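What follows is calculated from the coordinates using simple rules that are stated; it is not laboratory data. Computed from a prediction, not measured in an experiment: that's the story for all the values here. Because the Cβ atoms are built from the backbone with ideal geometry, glycine has one as well, and the counts that use them run over all protein chains shown.
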Ligand code: SF4
């Protein structure tokens, strides 16, 4: 280890966005410690962050481009990509090509890919694996606030008197945030309620765990809305001055049946009383809310309660969505979803489109929504997507109905994949594989769940011929005929352009404003300390909406009526179980990085099925035996883990293992690609399956 000052960077895993101090060891590795000055973690790190150094190195890395499986030069590979994409556009129109990218992208990568597709190719067919993560929150925010605005900050968790955690195993999926909450609870007696069908590690600090029937969150929160009204707890002034839709929502709430949750009525009443009498309430939510065919309504049901009581944008008060990936928020800011425009502008708004088209000086700006993730792969399966670029993600393993997705990728005329490895389930299907720069090698910015922008800095050299993703997209843009628009030499140039565009958006009344950073010099960008937007003045921004000021045409928040609906897939005698999926503590996505760490792999060594003892006994399953799990879309063989943490009929399986890492453990092959009608987010937690004992041959 050298005695040089550490390099400040950001952990690449979850949306907490912890700061890390990196010290290269001079031999291609580095040591990692928590950054005591980063506002997200103040020096704390979880097991994944601590083990980052184990996951580096060139072992197995793709070090040069591949074309049709053979080594190629970057020039040849990029020429091939640009010419095949141009041909597809010329023959079949801009809608015949698509990009599928990732919340692991840096903001600069996202910005360039989005600009190329929406501003120059002229299609909005760019979507991201963040569609699987938080699209329902984006839709719920936009429905209520007019923009995709996170009202609060992490500090609210430490200033609240009650924190309600809905559909989130915060202890495993956002561990440092969980630790901050647990410490606040020790310090000041914060009450914690966990709402989750499964008893997870997060419930360890809960005063109350409400194990509701899966998918009944709307019934619970619509019931809370009615209760708040009956208890006289509505903030009439806030409702009158800053919202609309209250009466219609109250009418809908009057029909809510909280009993549909299956919870003890006394427990429901106790929760409602606690929420009602506590002034400082944060309702934190994540994938259990978002990954649902009714995810947007679930988000609305939560936001409604906060808006009706004015518990929003005030210290210790507000709804708070935590994002899964390190830069899901950055992707939202650049408009990296198929239904959004850059800088939180609206794709449907002609004024907004004209502003962006003028700013980019592009030949044709997309004028309608593109294909969302599930739609994109279905269109590919039907032959409607001719050329596809997949970057920094592994959809052949992680998209619902993964076997269909695999066939859809095969059905495309031309597929390019950018990744660290040529061996992922997806990269093996590509015509061209481009070697991407990985964490520790890349340079740019990410935005965490509370709108804090942090730098990811390169501490290691690029291995072999690897390049950053923004550089590959910019090169293809130049070769497709737009040399000036994609003439970027370094990420700081891209960031300045992104910041300047946000100023234009702010002028159109949008929330996302980092125009105060548009004049950063390269040196300022290199030295940029974590900063929360809005940043019009150079100072970190605070909360939104404490005094109204919503971004709807009327300036009022929309309280939206919602009604309980069942999950899309229905159980039947053939498929009697409802499968919940999620993460484990020490792995990330398809384990391309965490799988390289022996200490991380020790926590959960193989894919498993967590199943209730009653179900296990009935099926003849024994602990540590094997179970075959079948759905209408695929099957997997999993180790049996008998546990009362799950409810009868509702087993759980983790999503990390792939064909590359475990034979027959690819859980997303089983998941039905039913989507929320507003957000397009798939329902990853309520697929129907059959289970039987499996005897290895
Ligand atoms: Fe990384 Fe998230 Fe752990 Fe922080 S909490 S160290 S961002 S994985």
| task | Compute the separation of the alpha-carbon centres of the range 266-345 and the range 25-92 and state it in Å as a whole number. | result | 32 Å
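Can you sort 375, 401, 493 by how many other beta carbons sit within 10 Å, fewest first?
On the way: 375 21, 401 26, 493 16.
The order, fewest Cβ neighbours first, is 493, 375, 401.
Beyond 19 Å, what share of the Cα-Cα pairs of the range 304-382 remains, rounded to the nearest whole percent? Mind dumping the intermediate values first?
On the way: 1768 of 3081 pairs.
Here the long-distance tail beyond 19 Å is 57 percent of all Cα pairs in the range 304-382.
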| message | Suppose the chain between residue 230 and residue 410 were pulled fully straight at 0.36 nm per residue; how much longer would it get relative to their current alpha carbon spacing? | response | 59.1 nm
| task | Sort 256-264, 16-24, 420-428 for me by packing, meaning the mean count of neighbouring Cβ atoms within 10 Å per residue, highest on top. | result | 16-24, 420-428, 256-264
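Semi-axes, largest first, in whole Å: what does sqrt of 5 times each Cα gyration tensor eigenvalue give for the range 135-322?
Details: eigenvalues 101, 68, 56 Å².
In descending order the semi-axes read 22, 18, 17 Å.
Relative contact order, percent, of the range 440-577 when contacts are C-alpha pairs under 8 Å separated by at least 6 residues? List each step's numbers first, then the result.
On the way: 147 pairs, mean separation 23.4, N = 138.
17 percent.
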| In units of 2.2 N^0.38 Å, what is the alpha-carbon radius of gyration of the range 485-620? | 1.73
| note | Rg (one decimal) and Dmax (whole number) from the Cα set of the range 7-55, in Å, equal 10.1, 31
| message | Over the range 577-694, what is the relative contact order in percent, taking alpha-carbon pairs closer than 8 angstrom and at least six residues apart? | response | 36 percent
| note | Expressed to two decimals, the range 204-243 has a Cα Rg over Rh, using the Kirkwood radius, of 1.13
| message | I need the per residue convex hull volume for the chain, using only the alpha carbons, in cubic angstrom as a whole number. | response | 145 Å³
| task | Report the label-to-label distance for residue 70 and residue 527 in nanometres (one decimal), using points 7 Å from each Cα along the Cα→Cβ vector. | result | 5.1 nm
| note | Nearest-0.05 FRET efficiency for residue 90 and residue 487 at R0 = 22 Å, using Cβ-Cβ distance, is 0.40
| remark: Length-normalised contact order of the chain, Cα under 8 Å, at least 6 apart, in percent, tallies to 20 percent
| field | Bins of 5 Å, starting at 0 and running to the largest distance - Cα pair percent for the range 577-694 | value | 2, 12, 22, 23, 19, 13, 6, 2, 0
| Distance in nm between pseudo-label sites at residue 4 and residue 270 (7 Å out along the Cβ direction from Cα) | 5.7 nm
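Calculated from DSSP H runs of 4 or more alone, at -39500 (n - 2.57) each and per residue, what is the 222 nm mean residue ellipticity of the chain, nearest 500?
Values: 23 runs with 214 residues, N = 697.
Result for the chain: -9000 deg cm²/dmol, rounded to the nearest 500.
Kindly state, to the nearest 0.05, the FRET efficiency for residue 605 paired with residue 33, given R0 = 22 Å and r defined as their beta-carbon distance. Let's see the in-between values first.
On the way: r = 27 Å, r/R0 = 1.23.
That gives a FRET efficiency of 0.20.
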| note | The alpha-carbon center of the range 446-460 and that of the range 564-609 are separated, in whole Å, by 27 Å
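What order do you get for 218-226, 444-452 when each peptide is scored by the mean count of other beta carbon atoms within 10 Å, highest first?
On the way: 218-226: 25.7, 444-452: 27.8.
Listed from highest to lowest mean packing, they are 444-452, 218-226.
What ranking of 230, 333 emerges when the number of other C-beta atoms within 10 Å of each C-beta is taken as an exposure proxy, fewest first?
Details: 230 12, 333 27.
Ranking 230, 333 by Cβ neighbours within 10 Å, fewest first, gives 230, 333.
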